[in-house]
Structures are given as C-alpha cells and as structure tokens.
Amino acid sequence: MSSGLPPQIDRSWLAQNQAATFLERGISLPFTTPMLVGARLRLREREAMELVIKDPSGGMGFYVLPWAALPDMCSPTSHDCRLWDLIVAEPLLSPASIRRAAGQVVREGLAGPAAEAAWSAAEHRCHGDRVRANFMLLVLTIRQNETLAEAVIPPERDHPEQLERRAKRALARVGGLLGIPADDMAACLEEVAVLMQDTGVPGHPEPAHTRRKMIEVEALSRGVAEWSEVTPAARDSPVNDVIIGAAELTLAGCRSILTELDALMADPTALLRRWLNDPVALRQLASRPEWLLDGWDLLCAMWRDAPEEGRLATAGEIARLTPVLPREAERWTRHATTIRREPILLHRRVRAMEDWRTGQMIGSD
C-alpha cells in the first residue's frame, strides 16, 4: 500500500497564467460529471463561453474548450446538460446566477432527493437571511430618525402595530432628506434588504450566507492544519501551505469587504442614499464576497466527506482545485495583498493495480 501523495510544485507556470480579473478566472460550475468536477465557466464574449477543466491526467494545466467539444472528452450527465441550457439563457453571468440555475436543476429533480432536500433547507436559510436583513435595516432606520421622546421603547421590543407606525414615520423622514416619497422609501428598503441578505447582520447568532461560507472555509483551513500535524506522511507536504495560504488570503479579502458592507448596514440612511444614487456600484460591492468565495463550496465538501484513509489524496485534489485569486482582488480589498503565484502541479508515480486516489492496491485486503 502506498504511504501517500508526494507532490512536486513547479513555480513558474502560474506566474505567467494568473488571471487578471475574476471573469477571466471563470465561475465555478456545480457539474456532476466526474471529469468536469471543478470546471469553471469563462466568458470571453457573450457568444464565446469557454469551459476551463483541470487536466484529467493529473498533470499541469487545464483544458479550455467550448461546450460543443465535450463529447470528445466525456458524456455530460442530464443534470449538467440542463444546467448548461439554463446558464446559456442567463442575461448576466455571476456566481449568484449560476447558483440560481443550479437550484432550478435541483428543483426539477435532476440531482436526486438528497440534493433537493439540501437545496430546500438552503432556500429556507436564505429567506431567513432576507427577513433578518430587512428587520435590522428597519430598526436602525427608526433609531436614526426618532427623537429621544419617541424612542422610549426600543423598536425591536415594540408591538408590531406600533413598530409599523414608527417605521412609516422614520421612512417618511428619510424620504424627506433624500427627496423620495415615503411609499417609495419602503420599496427601496426592501430592495436593499434583498441586496444585503447574503452579507447579513454583523454579530447575529445566525450568520448569513456569506458568513456561513466563510466559516466553512475557516473549518477547512483549520482541519487541514490539524490533520497535517498528526499525520507524518502529510506533515511536510506543500499542499498544506497551498490550501491554508489560499484560504487565508480569501478570508482576508472577504473580511475587508465585509467591513465596508457592515459599515453601510449600520447607517441605513447613507445606505439608501448610495442605493438611489448608484445602484450598480452598490450591487457590485455587495457581490464581491461571493466572487472571492466562488469554488470553495466544492473544496469544503470534499474535505468534509473524505474518509480518514483518503485524506492525503483528497488534500492533493483540493490543492489542484484551489481557486487562485486574480490580480483584481488587490484592488477590491483596498490593501496590499500577496497573491499566491505558484501553480499546483502534483505528480505521483502509480504502480500497476494501484488506486491512484487512495494508494490501495486493487484486490488487496
């Protein structure tokens, strides 16, 4: 039986091929075809969407090809074919739109009952995120726009009918400042709540979507570190630094952007003004954490589901699929960020009758 996966890291290839932007890096696709696991969608032009697929041989580099060329490599599942049809029909491609398309495929029953149940639970959590974001923005708007005499009872403790009356009064005052009718301000607040639902309420015991994903990435990084400390064959493996370093850079970028978004959540009047003045810029800012975290769902699931005896091979696969932050991330996070520029090139000598993922000999006890 093999003792593990001895990787070798080539340090020249990725420095020449690091993406400049997130769109150039591509959007992660939740394909189910084994050969397409970890694939990304890269948009050169609207009529020229490319798939970026890791080298199936395990070597350096990726294959870049159109969807029409896939039959030469593999037969996509019905799930993946349907997902691609929905993606092609999307007017604006982003991690969020891919997530919506994937949810549609799941609801149609093409991913199986377990995936359908998981997606239903995820939708329920996202609905809760939106409700909490809307309520928090409403409460903060009331606090910002009431006199001391009007604020004797904290809004979150007031009777629902009284809370509604106070909310209307506060929104009317904000509308007066911004030159918007009170009824329109209520609709604006709901739109902003939808926009900010993934970011959620800072410090809330039920973290929103983005913060949940960050917790999962933190768990992956911590799990790899703890596992490598107690696993002799993995202790000196460079894949640990690759995974942990990429996770730390990604999380640092997310925290930087969340600091800005949380400051906006704390000042709903300024947030509403910004939404009314430049909704496109605010929407782009709110979407940045999802771009940073794109692709980490798969890696977290791979580590979480890996059996103990398969951790070494799984770590190698995760290292090969670890998203590399494009140079655009440095501008987004507004501080100096050391982007990992080394490629992940994992070689392994495989013996006859050996399972290359686990190192076990086929037919052995």
> Of the listed peptides 93-102, 25-34, what is their order by residue-averaged count of other C-beta atoms within 10 Å, with the highest listed first?
Replying inline: 25-34, 93-102
> Between Glu164 and Asp236, what length comes free when the chain is fully extended (0.36 nm per residue of separation minus the Cα-Cα distance, one decimal in nm)?
Replying inline: 19.9 nm
> What number comes out for the charge environment of Glu290, summing +1 per Lys or Arg and -1 per Asp or Glu over other residues with Cβ under 10 Å away?
Replying inline: +1
> Can you list the equivalent-ellipsoid semi-axes of the stretch 213-323, largest first and in whole Å, using the square root of 5 times each Cα gyration tensor eigenvalue?
Replying inline: 36, 12, 10
> So who's got an amide H within less than 5 Å of the one on Ile27, skipping anything under 5 residues away but keeping other chains? H placed 1.01 Å off N, in plane.
Replying inline: Leu41, Arg42
> Peptides 170-177, 157-164, 200-207: what's the order by average Cβ count within 10 Å, highest mean first?
Replying inline: 170-177, 200-207, 157-164
> Residue by residue through the stretch 88-98, which ³J(HN,Hα) values in whole Hz follow from phi under the Karplus form 6.51 cos²θ - 1.76 cosθ + 1.60 (θ = phi - 60°), with glycine and proline marked x?
Replying inline: 4, 7, 5, x, 9, 8, 6, x, 5, 5, 5
> Going by average Cβ neighbours within 10 Å, how do the peptides 266-277, 319-330, 142-153 rank, with the highest at the top?
Replying inline: 319-330, 266-277, 142-153
>> Let's test the formula: R0 of 45 Å, r as the Cβ-Cβ distance of Gln144 and Asp305. What FRET efficiency results, to the nearest 0.05?
In response: 0.45
>> Show me the three semi-axes of the equivalent ellipsoid for the stretch 25-111, from the C-alpha gyration tensor (sqrt of 5 times each eigenvalue), largest first, rounded to whole Å.
In response: 20, 16, 11
> To one decimal place, what orientation-averaged projected area in nm² is obtained for the convex hull of the Cα set of the stretch 129-197?
Replying inline: 4.4
> What list of ³J(HN,Hα) couplings, whole Hz, do you get for the stretch 224-231 from phi and the Karplus terms 6.51, -1.76, 1.60, once you set θ to phi - 60° and write x for glycine and proline?
Replying inline: 5, 5, 5, 5, 5, 5, 9, 10
> Which is farthest toward the positive dipole end of the stretch 25-111 among Gly103, Trp84, Ala48, measuring Cα position about the Cα centre, with Cβ charges +1 (Lys, Arg) and -1 (Asp, Glu)?
Replying inline: Gly103
> To the nearest whole percent, what portion of all C-alpha pairs in the stretch 14-162 is separated by more than 21 angstrom?
Replying inline: 59
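Each value in this text was obtained by applying a stated rule to the coordinates, not by laboratory testing. Owing to the predicted nature of the structure, the values given are computational and were not obtained by experimental measurement. Don't worry about glycine lacking a Cβ; one is built from the backbone with ideal geometry, like all the others, and counts go over all protein chains shown.
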